[in-house]
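Read the structure below first, then the notes.
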Amino acid sequence: MLREKTKVVKIGNRAIGGSNPIAIQSMTNTRTQDAAATVAQIKRLEQAGCEIVRCTVPDMEAAKALAQIKKEISIPLVADIHFDYKMALAAMEYGADKIRINPGNIGSKERVFEVVKEAKNRNIPIRVGVNSGSLEKNLVEKYHGVTAEGIVESALDKVHLIEDMGYDNLVISIKSSDVMMCIKAHELLAPKTIYPLHVGITESGTVQSGNIKSAVGLGAILYQGIGNTIRVSLTGDPVEEIKSAKLILKSLGLRTGGIELVSCPTCGRTRIDLIGLASKVEEMIADFDLDIKVAVMGCVVNGPGEAKEADIGIAGGVGEGLLIKKGEVIRKVPEEELLETLRQELLHWNERQG
């Protein structure tokens with residue numbers, strides 16, 4: 001596992017890299033200057049399972065707001081900086097636990113040095129971020145276009161620049177909206193660096209298309225043992241990013257805990273509103289802190305068999321359904337009582353666990 005060979009970096013109260021679990025990250029889409037709105041969103045993200053959060057810092061008002069935001073949240077706060085190195089300095093002054101910069105877009109080496117010096121004084125990690133969309137002209141020319149090789153060279157150039165300034169408390173992020181390019185870039189970069197990698201498919205799209213691109217891209221990268229923090233970038237409520245990230249990690253066996261839902265795709269045998277029922281079950285189980293598998297099946301023909309690996313499940317019939325535990329039919333219940341029956345079983349399960 002390449003991720004376990006990376007150095008450990010401390011971001012506020014959380015350590016990443018080495019043998020630490022992969023951390024789930026998101027970014028607020030409120031105006032950072034509105035501290036109350038930003039705090040409210042971060043608390044929703046925390047509740048969903050977010051472990052590191054990033055806020056944009058476009059001006060001094062936003063930088064100053066970080067101080068208030070940090071007081072009211074419990075997860076590390078990362079400042080996202082573009083173009084103005086003074087915002088990086090201010091963000092650190094007002095409490096950022098990490099700063100994200102692209103050294104290529106904040107000006108001269110002297111300005112980069114000022115940021116590095118302040119980060120070193122405060123022992124604040126720097127995330128060196130490079131996106132395919134901002135690749136330097138000379139690298140585009142060298143590789144005859146935007147390529148994975150160019151992205152990697154750009155990132156390593158910037159890392160070496162900061163190392164030469166005497167600082168190595170770093171995290172690297174290389175992103176592209178091109179899934180295959182992103183996968184290849186991580187495959188090239190991971191063996192060449194000891195720094196933790198933050199991975200994601202940038203500008204991946206809406207909740208539907210973005211989830212598919214992120215699952216494919218992040219799945220391929222994480223499966224190879226690459227990546228220490230992740231973000232699923234979606235156009236929508238950032239809470240959806242956390243839900244998706246958790247499912248990706250669980251699907252790869254990289255995270256446990258929480259109820260895993262399995263449900264059948266329906267067919268002509270289905271005689272209940274399985275789609276509606278599965279959605280209600282998915283919403284309901286979010287309130288339970290249980291490490292079990294729950295199945296929602298559409299018919300009594302396959303229900304017990306297909307749900308036998310689940311701890312508990314329900315299967316529809318004609319106006320009724322079955323309650324199933326470990327593949328064994330427990331009892332029949334009317335269709336309209338299936339959801340509540342399952343909820344009561346989960347409550348009892350929770351009590352036994354407690």
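The values are calculated or read from the model by the stated rules, or taken from the named source; none is laboratory data. Worth saying up front: this structure is predicted, and the values here are computed from it rather than measured. Cβ sites come from the backbone with ideal geometry, for glycine too, and all protein chains shown count toward neighbours. Note: areas computed on protein heavy atoms with side chains; ligands, DNA, RNA excluded. Shrake-Rupley method; radii C 1.70, N 1.55, O 1.52, S 1.80 Å.
Restricting attention to segment 326-348, and to residues there that are farther than 20 Å from ALA286 by Cα and buried (at least 16 other Cβ atoms within 10 Å of the Cβ), which single residue is modelled with the highest pLDDT?
Filtering segment 326-348 for residues that are farther than 20 Å from ALA286 by Cα and buried (at least 16 other Cβ atoms within 10 Å of the Cβ), the one modelled with the highest pLDDT comes out as VAL333.
Taking into account only those residues within segment 1-21 that are β-branched (Val, Ile, Thr) and open to solvent by 10 Å² or more (accessible area, probe 1.4 Å), which is farthest from THR56 (Cα to Cα)?
THR6
Which residues, taken from segment 191-243, are open to solvent by less than 10 Å² (accessible area, probe 1.4 Å) and assigned to a helix (DSSP H, G or I)?
Residues satisfying the conditions are GLY210, SER214, GLY217, LEU218, ILE221, LEU222, PRO238, GLU241, ILE242.
Tell me which of these ILE69 doesn't satisfy, since it passes every other one: (1) closer than 25 Å to GLU203 by Cα; (2) open to solvent by less than 10 Å² (accessible area, probe 1.4 Å); (3) among the β-branched types (Val, Ile, Thr); (4) touching a helix residue (DSSP H, G or I) at 6+ places or on another chain (Cβ under 9 Å).
Result: ILE69 passes all but (1).
For ILE81, state whether it is under 26 Å from the mean Cα position of the chain (by Cα), open to solvent by less than 10 Å² (accessible area, probe 1.4 Å), closer than 15 Å to GLN33 by Cα and modelled with pLDDT under 95.
Yes: the conditions hold for ILE81.
Name the one entry in SER214, SER176 that is in contact with a helix residue (DSSP H, G or I) (Cβ under 6 Å, 6 or more places away or on another chain) and of a type outside the set (Lys, Arg).
SER176
Can you find a residue in segment 262-274 that is of a type outside the set (Ser, Thr, Tyr) and closer than 22 Å to GLN47 by Cα?
no
Can we say ARG44 is open to solvent by 20 Å² or more (accessible area, probe 1.4 Å) and assigned to a helix (DSSP H, G or I)?
Considered against the rule, which asks whether it is open to solvent by 20 Å² or more (accessible area, probe 1.4 Å) and assigned to a helix (DSSP H, G or I), ARG44 comes out as yes.
I'm told LEU249 meets every condition in (1) touching a helix residue (DSSP H, G or I) at 6+ places or on another chain (Cβ under 8 Å); (2) open to solvent by 20 Å² or more (accessible area, probe 1.4 Å); (3) within 30 Å of LEU347 (Cα to Cα); (4) at pLDDT 90 or above except one. Can you identify the failing condition by its number?
All conditions pass for LEU249, except number (2).
Let's see how each residue does on (1) open to solvent by less than 60 Å² (accessible area, probe 1.4 Å); (2) more than 23 Å from VAL8 (Cα to Cα); (3) not aromatic (Phe, Trp, Tyr):
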{"position": "LEU89", "(1), (2), (3)": "yes, yes, yes"}
{"position": "LYS98", "(1), (2), (3)": "yes, no, yes"}
{"position": "ASN105", "(1), (2), (3)": "yes, yes, yes"}
{"position": "ARG111", "(1), (2), (3)": "no, yes, yes"}
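Consider GLY145 carefully, then state whether it is in a helix (DSSP H, G or I), modelled with pLDDT under 95, surrounded by fewer than 23 Cβ atoms within 10 Å (Cβ to Cβ) and not polar (S, T, N, Q).
No; evaluated as a whole, the condition is false for this residue.
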